[in-house]
Amino acid sequence: MTDDEPALDGVLQAVGPRLKALRQARGATLAQLSSTTGISVSTLSRLESGQRRPTLELLLLLARAHQVPLDELVDAPPTGDPRVHPRPVVRRGMTILPLTRRPGGLQAFKMIIPMREEDAEAELQVHEGYEWLYVLSGRLRLLLGEHDVILTAGEVAEFDTHVPHHFHNPGPGPAEVLSLFGPQGERMHVRARPAAR
C-alpha cells in the first residue's frame with residue numbers, strides 16, 4: 001500500500017454520502033436516477049451506501065444527471081484559478097464565447113453577432129429551456145411567437161424556448177449580447193432597479 005492509498009480511500013468513501021445528498025436534494029428516487037443514467041437501482045444503492053467503489057464511468061454519468069462538475073462529486077481540491085478561459089466557437093458567422101465551465105444547469109455566453117439586414121434563414125426554433133438575453137452593444141431583432149421587437153444596448157428579454165423564436169442583428173455594425181440559458185424549469189432570477197427616467 002502506498003502513502004496515497006489511504007487518502008484515496010477516504011475520498012472514495014465520501015462519494016457515496018455526497019451522491020445520496022445530491023439525489024435527495026433534487027427530490028429524485030433511485031428508480032428515477034436509474035432511468036436517467038442507465039445505472040441499475042442496486043448499483044446506485046450500493047454506491048450511495050459505500051458498498052461499491054465508484055468508477056470514472058459511473059461518476060461521469062452521475063455528474064451529468066445531477067448537473068454538477070465531476071470534481072464536486074469527489075470533493076476535489078480547488079485548482080486555484082477561478083477564471084474561465086473561454087474558447088470562441090463560430091457558428092453561422094456568430095462568435096460564441098462560453099462564460100461558464102459547469103456542464104448542464106445554467107450556462108452563460110457572450111455572443112458577437114455580425115450585421116445581417118434580412119435573415120433568409122430566419123426559421124423560428126423551439127426547444128427545451130429558458131433564455132435570458134442582454135444587449136451590450138448594437139441591436140438585436142427578436143422574433144418570439146407573435147412578437148417582433150428590436151432590442152438595443154441595455155435592454156433585456158427573457159423567454160421560454162418552447163415559444164417559437166429567432167434572433168439576429170439588423171445592424172448597423174456588430175451586436176454584442178450576453179445570454180443565460182437554462183434547462184426547462186431553471187429560470188434566471190434577475191434583480192435590478194428600473195432605470196431612472
Worksheet, complete the sentence: Taking the range 136-162 and the residues there that are touching a His at 6+ places or on another chain (Cβ under 9 Å) and not in a strand (DSSP E or B), the one that is nearest to residue 110 (Cα to Cα) would be 161
Worksheet item: When both residues are 6+ apart or on different chains and their Cβ atoms are under 9 Å apart, which pairs have a first residue that lies in the range 71-100 and is assigned to a helix (DSSP H, G or I) and surrounded by 10 or more Cβ atoms within 10 Å (Cβ to Cβ), and a second that is modelled with pLDDT under 70 and β-branched (Val, Ile, Thr)?
Response: 71/79
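Yes/no per residue for (1) among the charged types (D, E, K, R); (2) at pLDDT 75 or above:
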position: 61; (1), (2): no, yes
position: 68; (1), (2): no, yes
position: 91; (1), (2): yes, yes
position: 94; (1), (2): no, yes
position: 97; (1), (2): no, yes
position: 101; (1), (2): yes, no
Practice prompt. May I ask you to list the residues in the range 70-89 that are in contact with a strand residue (DSSP E or B) (Cβ under 6 Å, 6 or more places away or on another chain) and modelled with pLDDT under 75?
Written response: 86
Discussion item. What's the total number of residues in the range 136-180 that are surrounded by fewer than 18 Cβ atoms within 10 Å (Cβ to Cβ) and aromatic (Phe, Trp, Tyr)?
Written reply: 1
Worksheet, complete the sentence: For residue 31, the lone unmet condition from (1) assigned to a helix (DSSP H, G or I); (2) among the hydrophobic types (A, V, I, L, M, F, W, C); (3) more than 12 Å from residue 19 (Cβ to Cβ); (4) modelled with pLDDT under 90 is (4)
Discussion item. Residue under question is residue 62, and the condition is that it be in contact (Cβ under 8 Å) with a residue 40 or more places away in the chain, among the aliphatic types (A, V, I, L, M), out of contact with any His (no Cβ under 8 Å at 6 or more places or on another chain) and surrounded by 15 or more Cβ atoms within 10 Å (Cβ to Cβ); does it hold?
Written reply: yes
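The values are calculated or read from the model by the stated rules, or taken from the named source; none is laboratory data. Quick caveat: nothing in here was measured; it's all calculated off a predicted structure. Every residue, glycine among them, receives a Cβ derived from its backbone with ideal geometry; neighbour counts consider all protein chains shown.
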